[in-house]
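Here the structure comes first, spelled out in structure tokens, and everything after it is commentary.
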Number of protein chains: 2
Amino acid sequence: MEFKEAKNKFVQTWGALGSQWGINKTMAQIHALLMVSNEAVSMEDIMDELQISRGNASMNLRALMDWGIVYKEYKAGERREFFTAEKDLDELAVKISRERSKREIKPALKILKEVSTIEVKDSAEEKHFVDQTSKLYDFVLKADNMLDKMTEFNENWLGKLVMKIMK
Amino acid sequence: MEFKEAKNKFVQTWGALGSQWGINKTMAQIHALLMVSNEAVSMEDIMDELQISRGNASMNLRALMDWGIVYKEYKAGERREFFTAEKDLDELAVKISRERSKREIKPALKILKEVSTIEVKDSAEEKHFVDQTSKLYDFVLKADNMLDKMTEFNENWLGKLVMKIMK
DNA sequence: TTAAACTTTCAAAAATAATTGAAAGTTATT
DNA sequence: AATAACTTTCAATTATTTTTGAAAGTTTAA
């Protein structure tokens, strides 16, 4: 396999993976492209490489920047903007998990708390509901906290964690 | 908030959450419904509670069973089938992570290995590509193994893990 | 201030994914 | 063997999400 083919395969694969995780294909592809680029890439080049429209590129770059995993860069003497991706994988994982926690887990926890604390009658059905949602609340809360803790090690957290769990 | 409202809210929320994780809304809703039901539910009742068609119910129940998180149950003297969800959260998390690993992470690793081991010319661009994809391969492999290890504790693994990481 | 070079926005179009429902399939009962 | 009670399948429809592209917006330079 030669370089161009490999690069394309990587970008496509990452894009497909993205869709399975609720991230749109183009967003994941742009990120993939930037990840493996050794220098900042202009919007024009992104459009060109991925065969997408200007609007699409612009919107998805914005979304990636909102996630904090892609940055704008300005080159001296150049009018247009260039983009780079967060390339440090520890940092990338931390940012992604922070963002998902904020956007998805925290709001879900709020709902779980609400529904698990209703007053219920003395029926098996209602008791089971409260019991199960309470357990779910505890579980999700614990998992969320753990993720936080895990990524708190920061520098090489995954490696350190593996060590810790093994022994 | 009264029981019915709470139950509905829970089912809706879980459904919405599903979509953000690449699981379709109905599939997540059915799972939510079964999770909080204290007894097995017939397809008829699922259709009724979620206001969905027979085909939709059938297909999504099948998918949930493929994931190993919903089971069929037969009641004595009853012709039709009833369904229950895996209610043990440790077990549920283990099954979901096994399945996602098998379906998504393993195939991604295969591609990452392929593209990170190409022969490259002496260009900074190509070197960077191999370097970055290799790092990604290592990272994903490590994370996948860790998930496996984590869930291997099995009974109350999340609790045990929290203990382990804290100290 | 005007023009050129660029980016963003957003309504409409296209692509993708989910859902329906009726026909075909299956299994149990008479 | 025929019928009744149920489930599955899948082509067509509907709903949702993504993408386009041109107009509006912004910034820099002359």
With the label set 7 Å along Cα→Cβ, A:A76 is separated from its counterparts in the other copies, in nm and shortest first, by 8.6
Expressed as a whole-number percentage, the relative contact order of region A:75-167 with C-alpha contacts under 8 angstrom and at least six residues apart is 29
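Which pairs in the list A:K127/B:K25; B:K87/B:K113; A:K95/B:K160; A:K127/B:K72; A:K127/A:K164 are over 28 Å apart, alpha-carbon to alpha-carbon?
Distance filter (> 28 Å) returns B:K87/B:K113; A:K127/A:K164.
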D (µm²/s, integer) via Stokes-Einstein for region A:89-166, Kirkwood Rh across alpha-carbon pairs, 25 °C, 0.890 mPa s: value 171
Expressed in µm² per second, the diffusion coefficient of chain A from the Stokes-Einstein equation, with Rh the Kirkwood radius over alpha carbon pairs, at 20 °C and 1.002 mPa s, is 114
With the 8 Å Cα cutoff and a minimum separation of six or more residues, chain A has a relative contact order in percent of 14
With label points set 7 Å from each Cα along the Cα-to-Cβ direction at A:D45 and A:V120, the distance between them in nm comes to 5.8
Partner lysines whose C-alpha sits under 17 Å from that of B:K110, ignoring same-chain residues fewer than 8 away, are A:K7, A:K9, B:K102, B:K135, B:K142
Scattering profile of region B:3-85 from the Debye formula, Cα beads only, expressed as log10 I(q)/I(0) at q = 0.17, 0.20 Å⁻¹, is -0.63, -0.87
Computed about the Cα centre, the charge dipole of the protein assembly as shown from +1 Lys/Arg and -1 Asp/Glu charges at the Cβ has a magnitude in debye, to the nearest 20, of 240
Note on region A:1-64: contact order normalised by length, alpha-carbon pairs under 8 Å, 6 or more apart, percent, works out to 26
Mean-square fluctuation maximum in Gaussian network of chain A, Cα pairs under 10 Å, restricted to A:R62, A:R79, A:R98, hits A:R79
quick shape note, the protein assembly as shown: Cα extents on principal axes in Å, largest first -> 74, 47, 37
With A:D48 itself left out, Lys, Arg at +1 and Asp, Glu at -1 over residues whose Cβ is under 14 Å from its Cβ give +1
For A:M166, inter-copy label-point distances (7 Å, Cα→Cβ), nm, shortest first, read 2.5
Under the helix-only model (-39500 (n - 2.57) for each DSSP H run of 4 or more, divided by the residues of chain B), the mean residue ellipticity at 222 nm, to 500 deg cm²/dmol, is -21500 deg cm²/dmol
Here, GluC sites (Glu not before Pro) of region A:108-138 satisfying both criteria (DSSP loop; at most 15 other Cβ within 10 Å) are A:E119
If one builds a Gaussian network model of chain B from Cα atoms under 10 Å apart, the most fluctuating residue listed among B:A40, B:A28, B:A108 is B:A108
Long-range amide H partners of B:S42, meaning residues 5 or more apart or on another chain whose placed amide H is closer than 5 Å, are B:F83
In a Gaussian network model of chain A with springs linking alpha carbons closer than 10 Å, the residue among A:M146, A:M65, A:M43 that fluctuates most is A:M146
With the label set 7 Å along Cα→Cβ, A:K106 is separated from its counterparts in the other copies, in nm and shortest first, by 3.7
In this structure, the FRET efficiency calculated for B:L109 and A:M59 from their beta-carbon separation, with R0 = 35 Å, to the nearest 0.05, is 0.70
Applied in sequence order to region A:62-77, the curve 6.51 cos²θ - 1.76 cosθ + 1.60 (Karplus, θ = phi - 60°) yields integer Hz couplings, x standing for Gly and Pro, of 4, 4, 5, 5, 4, 6, x, 10, 9, 10, 7, 9, 10, 9, 4, x
For the axis mapping B onto A, the chain B residue whose beta carbon sits nearest, plus its rounded distance in angstrom, comes out as B:G22, 3
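Quick note: the coordinates plus some simple rules give every number you see, no bench work behind them. Note that the coordinates shown come from a computational prediction; the quantities given were computed from them, not determined experimentally. Positions of Cβ are backbone-derived with ideal geometry, glycine not excepted, and every protein chain shown enters the neighbour counts.
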